[in-house]
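Have a look at the structure below, then the notes.
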Amino acid sequence: MFSLLIDTSGPYSTVAVAQDAVVSGMSAILGRPAEKVHSQIKATLRATGIALSSLDSVTIVTGPGSWTGLNIGVTAAKTLAQVLRVDVLPISSLDALVAGRTWRYSRLCAVLSAGRGRVYRAWYDTDRGGTAQSGHHDAEVLTAEALEAELAQADGSALLIEYGKTVGSTLKYCSGIVQVLRLSPEAMIAAAAHALPLGPEEAITLTPAYMQASLAERDAKR
Amino acid sequence: MVILGIDTTCDDTSAGIVANGSQVLANVISSQYAAHEAFGGIVPMIAAREHTRQIGHIIRAAMQEAQVTFSDLDAVAVSNNQGLLLSLVVGVSAAKSIALACGIPLVGIHHLEGHIYSVLMAHEEVLRFPFLCLTVAGGHTLLLRVEDHGVYSLLGHTRDDAAGEAFDKVARRLGLGYPGGAAIEKLAKQGNAAAYAFPRPMITRSNLDFSFSGLKTAVMNLLDSAETFRKEDVAASFQQAVADVLVTKTLRAAKSEGLARIALAGGVAVNGLLRSQLTTEAAKRGCQVYLPAPSLCMDNGAMVAGAGYYLLRHRGADPLTIGVRANAPLGRLQVKYRHPAKYRSA
Ligand SMILES: [Fe+2]
């Protein structure tokens, strides 16, 4: 089983090719996904000697994250799937932040900047082996103050995992912080193991998971 | 040669399939009007999401209509220049994915080239270079000298509102539906075009630039101050003022450039008065006017595919690394993009 993995949610665009859940090649490039991500896909496949036509699935990080990047990545993944007639595995950037490695904390708080002092965050419990448990669908957008209050309540049992630079450095009640600069292919593979596969026809309607409304939508609600 | 053309420049998601540069096999357009209506203007973030949601459907619908599969495509063309960045990236990402997965050439075109080629597609045999091209739409009003494939020079452009934008704003103020151009044209048929003497901005100036903001304001002022008015007369008088300016300036450009062939393109090119007045007045001066098929006037993928056919031969394919630009040079001209205000209140 060959799979292509794409992440354009953050500052780095990551493309990887995996065979049976083992990474056979990857590339990470800083910025400009509109220009670079397709040539990155081509180069990564070429380097691993795997033809596009032998792919069985495309895993895509659907968000939250960069609005522009996500639209580029989601469109790329589902269009490739449409042509190649393969499944799309949509995964969350927050899930991928905690997936694929073991932690020494019982609770994990994954965050990424949502702009204007707000963060996207999701909570995860770990099992005895220190692996984050999937199936947490409590992801939402919070202010830094609200996040602070949640961490204070967790009382030292939680580890904050932030994607890039968010608000972690300004928090008082934070027992530990891990900063992740880009999602690893291994993390994406681990998150994809729990993804609900979409057939190429179903994937046609896939849109990024922004989780927050645009300013115009927020203004209209007021 | 079968080419898929994609246009996600602004708020319409479109894909067209064209054989040999002129045979339109399919042309599918999905309007985002409903998604933006409540906000009184195009919201770029929503536009991007709607393009992402629609693009696969539109491509599939176009291929079904044309009865082709991905393996039948010889190239994919996309508007990567001129428009809203957040919108452009979606069409470009889809086009690059198809080029990559099908192993076919990618052709990036300037959105305005799509409009120019919408005319060439219909008159390939007779519309010889050089010619004059008036492009009138919701986002642009400009006069170009088209020297050859991919070679253009700007003769004049609007200094404020695009003509199509003025149509939409006046239509909105008159309480007409969307699209505004068609609604005004319909109403104007029952009106007296001489009822109101609206200004013809810059009509006597020797340069080839346009201005429609003053005309729009004059119409708004009349509607605000007049105790009674006939909507039909306002629509007819306004439409006549726009047509007079466009026709006068275009013929002046044809004369000064020594061009006898005039192409009319863009969303406003479907306007019956503009079409007939330009054709008649041009004929009096020995000029011939070339019109696109009405279905290729508004932003669409087929015109992009048509442009892609010719530009692939004359400019060659583009690498997968082409970017997007909001205000992109077209030949020697730097086109200033204005967000079409078709949904904003006047
Ligand atoms: Fe246009």
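The values are calculated or read from the model by the stated rules, or taken from the named source; none is laboratory data. As the structure is a prediction and not an experimental result, all values here were calculated from the model. Please note: Cβ atoms are built from the backbone with ideal geometry, for glycine as well, and neighbour counts cover all protein chains shown. Note: accessible area is taken over every heavy atom of the protein model, side chains too, but ligands, DNA and RNA are not part of it. Shrake-Rupley method; radii C 1.70, N 1.55, O 1.52, S 1.80 Å.
For B:VAL24, indicate whether it is open to solvent by 20 Å² or more (accessible area, probe 1.4 Å) and either on the phi > 0 side of the Ramachandran plot or assigned to a strand (DSSP E or B) (or both). It would help to see each step written out before you state the result.
Details: open to solvent by 20 Å² or more (accessible area, probe 1.4 Å): yes; either on the phi > 0 side of the Ramachandran plot or assigned to a strand (DSSP E or B) (or both): yes.
Against the criterion (open to solvent by 20 Å² or more (accessible area, probe 1.4 Å) and either on the phi > 0 side of the Ramachandran plot or assigned to a strand (DSSP E or B) (or both)), B:VAL24 qualifies.
Any residue at all in the stretch B:256-272 that's among the basic types (Lys, Arg), over 19 Å from B:VAL146 (Cα atoms) and open to solvent by 20 Å² or more (accessible area, probe 1.4 Å)? No, the stretch B:256-272 has no match at all.
Return the residue satisfying two criteria in turn: it lies in the stretch B:201-224 and is within 20 Å of B:LEU174 (Cβ to Cβ) and of a type in the set (D, E, K, R), and of such residues it is surrounded by the fewest Cβ atoms within 10 Å (Cβ to Cβ). Looking at residues that are within 20 Å of B:LEU174 (Cβ to Cβ) and of a type in the set (D, E, K, R), I get B:ASP224.
Kindly indicate which of B:ALA47, B:ALA35 is free of Cβ contacts under 8 Å to residues at least 40 places away in the same chain and within 13 Å of chain A (Cβ to nearest Cβ).
Values: B:ALA47 fails: free of Cβ contacts under 8 Å to residues at least 40 places away in the same chain.
Residue meeting the stated conditions: B:ALA35.
Scan the stretch B:294-303 and give yes if some residue there is touching a residue at least 24 places away in the same chain (Cβ under 8 Å), more than 16 Å from the ligand (Cβ to nearest atom) and either out of contact with any helix residue (DSSP H, G or I) (no Cβ under 9 Å at 6 or more places or on another chain) or not in a helix (DSSP H, G or I) (or both), otherwise no. Steps first, answer last, please.
Residues of the stretch B:294-303 touching a residue at least 24 places away in the same chain (Cβ under 8 Å): B:294-303.
This time we only want the ones that are more than 16 Å from the ligand (Cβ to nearest atom), so: none.
No, the stretch B:294-303 contains no residue that is touching a residue at least 24 places away in the same chain (Cβ under 8 Å), more than 16 Å from the ligand (Cβ to nearest atom) and either out of contact with any helix residue (DSSP H, G or I) (no Cβ under 9 Å at 6 or more places or on another chain) or not in a helix (DSSP H, G or I) (or both).
Residues of the stretch A:30-65 that are more than 10 Å from chain B (Cβ to nearest Cβ) and surrounded by fewer than 18 Cβ atoms within 10 Å (Cβ to Cβ): A:LEU30, A:GLY31, A:ARG46, A:ALA47, A:THR48, A:GLY49, A:ALA51, A:SER54, A:ASP56.
Scanning the stretch B:146-184 for residues that are assigned to a loop (DSSP other than H, G, I, E, B) and within 16 Å of the ligand (Cβ to nearest atom) returns B:ASP161, B:ALA162, B:PRO179. One residue stands out among those in the stretch B:83-103 that are closer than 20 Å to B:ASN27 by Cβ and out of contact with any Pro (no Cβ under 8 Å at 6 or more places or on another chain): the one that is farthest from the other protein chains (Cβ to nearest Cβ), which is B:GLY83.
No other residue among B:LEU143, B:LEU112 is touching a strand residue (DSSP E or B) at 6+ places or on another chain (Cβ under 6 Å), within 16 Å of the ligand (Cβ to nearest atom) and in a strand (DSSP E or B) apart from B:LEU143. Among the residues of the stretch B:115-134, the ones that are within 15 Å of the ligand (Cβ to nearest atom) and either closer than 12 Å to B:PHE210 by Cα or in a loop (DSSP other than H, G, I, E, B) (or both) come to 1 in all.
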